[in-house]
1. Answer yes or no: is there a residue in the range A:102-125 that is part of a loop (DSSP other than H, G, I, E, B) and either within 14 Å of another protein chain (Cβ to nearest Cβ) or within 26 Å of the chain's Cα centre (by Cα) (or both).
2. Looking at the range B:220-240, can you tell me whether even one residue there is of a type outside the set (S, T, N, Q), closer than 26 Å to B:Glu159 by Cα and crowded, with 16+ Cβ neighbours inside 10 Å?
3. Would a scan of the range B:68-81 turn up a residue that is hydrophobic (A, V, I, L, M, F, W, C), in a loop (DSSP other than H, G, I, E, B) and away from chain A (no Cβ under 14 Å)?
4. With respect to A:Ala43, is the statement that it is in a helix (DSSP H, G or I) and either buried (at least 21 other Cβ atoms within 10 Å of the Cβ) or in contact with a Ser or Thr (Cβ under 7 Å, 6 or more places away or on another chain) (or both) true?
5. Give me the pairs: first residue in the range B:47-71 and among the small types (Gly, Ala, Ser), second residue assigned to a loop (DSSP other than H, G, I, E, B), beta-carbon distance under 8 Å, and six or more apart or on different chains, which are they?
6. From the list B:Glu207, B:Glu186, B:Glu190, which residue is free of Cβ contacts under 8 Å to residues at least 24 places away in the same chain, more than 26 Å from B:Glu159 (Cα to Cα) and charged (D, E, K, R)?
7. Which condition number in (1) of a type outside the set (Asp, Glu); (2) over 21 Å from the mean Cα position of the chain (by Cα); (3) surrounded by fewer than 12 Cβ atoms within 10 Å (Cβ to Cβ) is the one that B:Pro100 fails?
8. Got at least one residue in the range B:87-95 being within 14 Å of another protein chain (Cβ to nearest Cβ), of a type in the set (D, E, K, R) and part of a helix (DSSP H, G or I)?
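The values are calculated or read from the model by the stated rules, or taken from the named source; none is laboratory data. Values in this document were obtained by computation on a predicted structure and should not be read as measured data. Please note: Cβ atoms are built from the backbone with ideal geometry, for glycine as well, and neighbour counts cover all protein chains shown.
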Amino acid sequence: MEHLAAHLWPILDQIQGYIYPNEVELYWRVLIVIYPYITGLVAGAFILASLVKVFNVKELQPTYRLSMLTALAFLIVAPMPLLFHLGHPERAFEIFLTPNRSSAMAMFGYVYIWYLMAVLLLEIWFDYRKDLILWSQQGKGLKKWIQKLITLFSKDISEKALKFDKAAVKVITIIGIPSAFLLHGYVGFIFGSIKANPWWSSVLMPIVFLFSAMVSGMALVLLLYQILMLSRRKEISMPTLDKLADYLFYTMIVAFSLEALDFIHRIYESEESIKIVSQLISGKLFVSLVVIQLLLGMLIPLFTFASIKLFRFPAELRKLLYFVAALLVQVGIFTTRWNVVIGGQLFSKSFRGLTTYKMSIGGTEGLLVALMFLILPFIILYFLIKILPPWKESGTP
Amino acid sequence: MKKILDIIPEQVKRLLIPVSILILSFILLRSFLIPPDFGKYGHYRASAVDEIAAKDIKYIGQEACEDCHDDVVAKKNMSYHRNVMCEVCHGPSAAHIEDPDGNKLSAPRERGYCPLCHEYIPARPTGFPQIVSESHNPMKACIACHDAHDPAPPEVPKECEACHAEIARTKAVSHHMEVSCTRCHETSEEHKVDPRNFRPSKPMTREFCGSCHAQKADASKELTRIDLATHGERYVCWQCHYPHLPESK
């Protein structure tokens, strides 16, 4: 009982105004910030990959496989923050056994599995099958057997079979686009459907989430493409980079317009919550929302991309500007998730008070665990690239 | 049948093997793992109810304490803590009933526990005793002055603020900051020890506020003046103006 007092008492100091006792402490902490951020990267990276297959954007071909592997690496990590947050990961499979159809959160398991099994793994399998067969014929040792196992010991690389693979990839991508929309739109839906919380409750939430997801996914692939090419000492293809930046720029314009629309709509509606929300924006969220999310994460990158389009910068400068802008976009989207998840819990449902969130460093929901979940996808991606090299020159003719 | 199998490409046939293993094992696992009584009453295992009911009881309730500590319980029941059950401070006591000497109970003796209820938070109801820990005898433990079983303050509170903290804080930043509480509320001494039965008065006439704010009132010139005859004549002033923060709208 004394540890409870020691834990709660200091928080009481942080309260401003009128706040109900159950709102003093935040229940959705940094791991719940990480979760939509990672899911967004998955959806964004996949949608980028689909541009190549469905919309035939030839310039982006060098990033196709990289986008798919990035989506897979992040998708594997996506549910982990949730499992850590809830505790008892050993019981997680039970949501599949006894599905609760009236709970949007419980149904996410199926959305996730559908996306992992029926979309990502299947598409990667069909896309890599021919290469894996050829690699395994040339390879040796354990790697050869891993590759054989992944192909399920299939050997058929006749023209007919390859044609089928190609068609299968296209069909899966077409199914994959709505699935990716569902995956991340769902995350927005969870927040948007909490009607008691005016910061979250908005029909626009799923679509705002979706576009910010696309922005973050594209920016991540842009960063990864540049870093990996540099580390492999290969030439970065400028048409690819320019096209990627173009799509990122256009998506950012849509994302920015949607967010602005949501914001203007809130101000024009001026519901009873407007006062506390404006207090939140001008106070506790000022740095993370106005300075980082809006200025650093949106306006400066938008301005950078626009000026690259307007003026003819040399290739080296363009690479640098793209890199810095994409990095800023990542930071911006991360703070977007922070502002949604944490911001939504900082004010009281009485609309008359504010509380504070202080992240712990250790513990199951602290900074170190959060960092681990942000680094883990890159480690998985490293191994995926080792087993399934996404480079054109690794492929066999 | 053979014709159909021939149409299916080789890789799809291979793919169908792990897919069907996955689906079949899922179906099989479901039949093994879902308890037979799941869903009998709702989206849970029916026998869970019995299992929970069969768990050891940790809390025993105040009546059990009364059997031995009737004097303490009687004292508490006469005090402001009459609605606070013994186990709120002393913790779960079922084991203590079984073996009173083996399982001794304790209560928090440090500062910090009492403020969980009594620290000043604007959300707490006015009249509920609230303190600001930093300024309220900071180095002393609560129980040094207050008896938890009869927590009436050892000294009668000198200021209204001790209980009406939110009003006091609101008034302190208003134009009425100089006006003492007792100027408007006639308060008997008994109110300090028995607040609910001896309530302070409230101004019931327009003339009361008029004694400062009427056109001809004998008061400082800076005060807002109104014509009592024409200004909201059918209402008592505090029906429109909040006296603890009169400038609010």
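1. First pass over the range A:102-125, keeping only residues part of a loop (DSSP other than H, G, I, E, B): A:102-103.
Subset that is either within 14 Å of another protein chain (Cβ to nearest Cβ) or within 26 Å of the chain's Cα centre (by Cα) (or both): A:102-103.
Yes, because at least one residue in the range A:102-125 is part of a loop (DSSP other than H, G, I, E, B) and either within 14 Å of another protein chain (Cβ to nearest Cβ) or within 26 Å of the chain's Cα centre (by Cα) (or both).
2. yes
3. yes
4. Working: in a helix (DSSP H, G or I): yes; either buried (at least 21 other Cβ atoms within 10 Å of the Cβ) or in contact with a Ser or Thr (Cβ under 7 Å, 6 or more places away or on another chain) (or both): yes.
So A:Ala43 fits the description; yes.
5. B:Ser47/B:Pro35; B:Ser47/B:Asp37; B:Gly61/B:Met85; B:Ala64/B:Ser93
6. Values: B:Glu186 fails: more than 26 Å from B:Glu159 (Cα to Cα); B:Glu190 fails: more than 26 Å from B:Glu159 (Cα to Cα).
Testing whether each residue is free of Cβ contacts under 8 Å to residues at least 24 places away in the same chain, more than 26 Å from B:Glu159 (Cα to Cα) and charged (D, E, K, R) leaves just B:Glu207.
7. Exception for B:Pro100: condition (3).
8. Checked against the condition, which is being within 14 Å of another protein chain (Cβ to nearest Cβ), of a type in the set (D, E, K, R) and part of a helix (DSSP H, G or I), the range B:87-95 yields at least one hit.
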